[in-house]
Amino acid sequence: MELSRKAKRIAPSPTLSLAAKVRELKKQGKKVISFTAGEPDLDTPLPIKEAAKKALDDGFTKYTPTTGIPELKERIVRKLKEENHLEYEAREIIVSPGAKFVIFNALFALLEEGDEVLLPSPYWVSYPEQIRMAGGKPLIVETKEEDGFKLQIEDLERMKGDRTRLLILNSPSNPVGVVYKREELAQIGEWCVANDIFVISDEIYEKMVYDVEHISIATFPGMKERTLVVNGMSKTYSMTGWRIGYGAGPKELIEIMGRIQDHTTSNPTSFAQIGALRALELVDEVKDMVDIFRRRREILLEELNKIPNISCVPPQGTFYAFPNVSYYMEKMGADSTDELASYLLEEAGVAVVPGEGFGAKGYVRLSFAVSEDDIREGLARMRDALLAL
Ligand SMILES: Cc1ncc(COP(=O)(O)O)c(C=O)c1O
């Protein structure tokens, strides 16, 4: 069997392979504290499950319209209006099996072979792979710790070439937890309008913000017609396994994405859409979850502070922190953060995700979708292991 060149170019997901390693160690009876989770550790709220169960009992088990049931699209229109101050029509909405597929679908719809996509690093691991799969070329725009990992206009300017068509913006960002402010978004928006750049704005962590406001870049002048807003149920409602995400954007783009979906996944799962419809009504459950994450974030930052020679830009959103561990890498003579992560796993039974997969060597991602006790114990173990170097 000969595998295609385009398939062989796809890198394995560093987060998923690490989770497998942790499972293996746990099976051997080792107590591993894992900071690798990319999903809330809480269960899907009961009303969502009940709505989906009822849909199953009612026989809502067949194909639905490819881009989602009309009630759900209408509800998303209302959500975007009330919460994000964005006015869309239902035909400008697509519901897909996860935000991940919305992004892939959009890249497939928008990129010609060789077109370039501006991608701020540190980035979510799937973006560069998806860009390449869709025939594009990621143009990595490095952001710096001293700038709070925020995109600088002069770097966009420097990186942009004749074939640069898109920017992927992720605020709040995985893995850093960066949340862009109003004036920063206004500047980026202005630059995109001036340079005819279309934006894929991944807003999946919008509700997980700590004392800052989430604003969509699509709300700035001239931006709605050049933005695809991406969001989904996975993080906000602990529904990662349900696979419901959505996009809102110009109708020509949404129509083409609908055609791509017609011939690939077809509709997102029928009864999961009913669950999503119910989820969008929930307020208290989300607030409670965010409060839990807020407390854990405090504890994590407090414990990280106890480890000398580690710096960390405090995350303003998401449930991740991205500390700089380069001092300890140097101490152990490690060439890659993977080596440090392996040392922590073997010596301390602590799993962290090395930064290379996010385009940032010398950093590790710690998820605080972990109990308070585990955060305390895991970071104490990490401290001991690092100080022993
Ligand atoms: C930034 C970002 N976008 C999108 C996704 C994927 O979300 P979904 O489960 O809706 O495909 C994730 C999940 O880890 C993510 O971190």
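Reported count of residues in the range 196-219, each being surrounded by 21 or more Cβ atoms within 10 Å (Cβ to Cβ) and in a strand (DSSP E or B), is 4.
Among VAL22, VAL125, which is among the β-branched types (Val, Ile, Thr) and assigned by TED's automatic domain parsing to the domain that holds LEU344? So that I can check it myself, show each step before the final result.
Details: VAL125 fails: assigned by TED's automatic domain parsing to the domain that holds LEU344.
Within the list VAL22, VAL125, the selection yields VAL22.
Quick grid of which residues meet (1) aliphatic (A, V, I, L, M); (2) crowded, with 17+ Cβ neighbours inside 10 Å:
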residue: LEU3; (1), (2): yes, no
residue: ARG23; (1), (2): no, no
residue: GLU39; (1), (2): no, no
residue: LYS49; (1), (2): no, no
residue: GLY59; (1), (2): no, no
residue: TYR63; (1), (2): no, no
residue: THR67; (1), (2): no, yes
residue: LEU80; (1), (2): yes, yes
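Can you spot a residue in the range 307-323 that is of a type outside the set (A, V, I, L, M, F, W, C) and in a helix (DSSP H, G or I)? Even if it seems obvious, please write down each step before you answer.
To start, the set of residues in the range 307-323 that are of a type outside the set (A, V, I, L, M, F, W, C) comprises 308-309, 311, 314-318, 320, 323.
Checking which are in a helix (DSSP H, G or I) leaves us with none.
Looking for residues that are of a type outside the set (A, V, I, L, M, F, W, C) and in a helix (DSSP H, G or I), one finds none in the range 307-323, hence no.
Which members of the range 94-114 meet the condition of being within 11 Å of the ligand (Cβ to nearest atom) and among the small types (Gly, Ala, Ser)? Hits for the range 94-114 are SER96, GLY98, ALA99. Does at least one position in the range 5-18 carry a residue that is among the hydrophobic types (A, V, I, L, M, F, W, C), outside any loop (DSSP other than H, G, I, E, B) and within 22 Å of ILE375 (Cβ to Cβ)? Yes: one or more hits. If you go through the range 180-195 and keep only what is touching a residue at least 12 places away in the same chain (Cβ under 8 Å), of a type in the set (A, V, I, L, M) and surrounded by fewer than 18 Cβ atoms within 10 Å (Cβ to Cβ), you end up with ALA186, VAL193. The single condition among (1) away from the ligand (no atom under 14 Å from the Cβ); (2) polar (S, T, N, Q); (3) over 19 Å from TYR205 (Cα atoms); (4) in contact with a strand residue (DSSP E or B) (Cβ under 8 Å, 6 or more places away or on another chain) that ASN84 does not meet is (3). In this entry, ARG294 passes the filter for residues that are closer than 26 Å to TYR123 by Cα and of a type in the set (D, E, K, R).
Within the range 220-229, which residues are within 13 Å of the ligand (Cβ to nearest atom) and either surrounded by fewer than 24 Cβ atoms within 10 Å (Cβ to Cβ) or hydroxyl-bearing (Ser, Thr, Tyr) (or both)? None - no residue of the range 220-229 is within 13 Å of the ligand (Cβ to nearest atom) and either surrounded by fewer than 24 Cβ atoms within 10 Å (Cβ to Cβ) or hydroxyl-bearing (Ser, Thr, Tyr) (or both), so the list stays empty.
Based on what the data block shows, is ILE10 touching a residue at least 24 places away in the same chain (Cβ under 8 Å), over 20 Å from VAL364 (Cα atoms) and either away from the ligand (no atom under 15 Å from the Cβ) or buried (at least 16 other Cβ atoms within 10 Å of the Cβ) (or both)?
Numbers: touching a residue at least 24 places away in the same chain (Cβ under 8 Å): yes; over 20 Å from VAL364 (Cα atoms): yes; either away from the ligand (no atom under 15 Å from the Cβ) or buried (at least 16 other Cβ atoms within 10 Å of the Cβ) (or both): yes.
Yes.
In the set (1) within 16 Å of the ligand (Cβ to nearest atom); (2) not in a loop (DSSP other than H, G, I, E, B), the condition left unmet by GLU74 is number (1). Could you go through the range 154-165 and let me know if any residue there is surrounded by 23 or more Cβ atoms within 10 Å (Cβ to Cβ) and modelled with pLDDT of 95 or more. Looking for residues that are surrounded by 23 or more Cβ atoms within 10 Å (Cβ to Cβ) and modelled with pLDDT of 95 or more, one finds none in the range 154-165, hence no. If I ask for residues that are in contact with a strand residue (DSSP E or B) (Cβ under 8 Å, 6 or more places away or on another chain), within 16 Å of the ligand (Cβ to nearest atom) and in a loop (DSSP other than H, G, I, E, B), which ones from the range 29-63 would you list? Selection gives PHE35, THR36, ALA37, GLY38. Taking the range 232-258 as the range and being assigned to a strand (DSSP E or B) and within 14 Å of the ligand (Cβ to nearest atom) as the test, the residues that pass are GLY232, GLY245, TYR246, GLY247. The sole residue among LEU366, LEU345 that is modelled with pLDDT under 95 and either basic (Lys, Arg) or touching a strand residue (DSSP E or B) at 6+ places or on another chain (Cβ under 6 Å) (or both) is LEU345. Tallying residues that are part of a loop (DSSP other than H, G, I, E, B) and closer than 17 Å to ASN170 by Cβ within the range 99-133 yields 4. Under the condition of being more than 15 Å from the ligand (Cβ to nearest atom) and either in contact with a strand residue (DSSP E or B) (Cβ under 8 Å, 6 or more places away or on another chain) or over 28 Å from VAL353 (Cβ atoms) (or both), the residues counted in the range 160-212 number 24. Looking at the structure I just gave you, is VAL22 within 16 Å of the ligand (Cβ to nearest atom) and in contact (Cβ under 8 Å) with a residue 24 or more places away in the chain? So VAL22 does not fit the description; no. Determine if the range 64-81 includes at least one residue that is farther than 26 Å from THR265 by Cα, touching a residue at least 24 places away in the same chain (Cβ under 8 Å) and under 22 Å from the mean Cα position of the chain (by Cα). Scanning the range 64-81, I find no residue that is farther than 26 Å from THR265 by Cα, touching a residue at least 24 places away in the same chain (Cβ under 8 Å) and under 22 Å from the mean Cα position of the chain (by Cα), so the answer is no.
The values are calculated or read from the model by the stated rules, or taken from the named source; none is laboratory data. Fair warning: this is a prediction, and the values are worked out from it, not measured in the lab. Positions of Cβ are backbone-derived with ideal geometry, glycine not excepted, and every protein chain shown enters the neighbour counts.
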